[in-house]
Amino acid sequence: MIRVNVFGRSMSVRRVGGEWQLFNESQTGMRARVYDVVIPPELTEDELPGFLDDIYHEHASEQHPSVVIES
C-alpha cells in the first residue's frame with residue numbers, strides 16, 4: 001500500500017493482479033475505493049505522483065502545491 005498526499009487529501013494506491021487501485025483514506029482509518037479514476041497498469045510507482053497530479057490538479061493550492069508519496 002502506497003500512501004499519497006494528493007493536494008492535502010489522504011489517499012492510497014495498491015497494486016492488485018497487475019492493476020492499480022486508488023482509495024480515499026479517512027481520518028478514522030476507513031478506506032473507500034475510487035472507481036472513476038483508472039490508473040494505467042504500465043505506470044511505475046515513481047510515476048504515480050505525476051499521474052495523480054494531472055488528474056487532480058484543480059485541487060492544488062499554495063499550501064498543497066503537489067502530490068507527494070508519504071510512505
When the residues of region 54-71 are filtered to those that are of a type in the set (Val, Ile, Thr) and touching a helix residue (DSSP H, G or I) at 6+ places or on another chain (Cβ under 8 Å), which remaining residue is least open to solvent (accessible area, probe 1.4 Å)? 67
Restricting the search to region 10-37, which residues are open to solvent by 20 Å² or more (accessible area, probe 1.4 Å), under 20 Å from residue 60 (Cα atoms) and at pLDDT 95 or above? 10, 24, 25, 36, 37
If residue 7 satisfies all but one of (1) out of contact with any helix residue (DSSP H, G or I) (no Cβ under 6 Å at 6 or more places or on another chain); (2) on the phi > 0 side of the Ramachandran plot; (3) open to solvent by less than 50 Å² (accessible area, probe 1.4 Å), what's the number of the condition it fails? (1)
Pairs where the first residue, in region 1-17, is among the polar types (S, T, N, Q) and the second is at pLDDT 95 or above and open to solvent by less than 60 Å² (accessible area, probe 1.4 Å), C-beta under 6 Å, 6+ apart: 10/25; 12/23; 12/25
Within region 38-53, tally of residues that are touching a strand residue (DSSP E or B) at 6+ places or on another chain (Cβ under 7 Å), of a type outside the set (A, V, I, L, M) and either under 14 Å from residue 4 (Cβ atoms) or open to solvent by less than 40 Å² (accessible area, probe 1.4 Å) (or both): 3
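The values are calculated or read from the model by the stated rules, or taken from the named source; none is laboratory data. All values reported here derive from a predicted model rather than from experimental measurement. Glycine also receives a Cβ, built like all others from the backbone with ideal geometry; neighbour counts cover every protein chain displayed. These area figures cover heavy atoms from the full protein model, side chains too; ligands, DNA and RNA do not enter into them. Shrake-Rupley method; radii C 1.70, N 1.55, O 1.52, S 1.80 Å.
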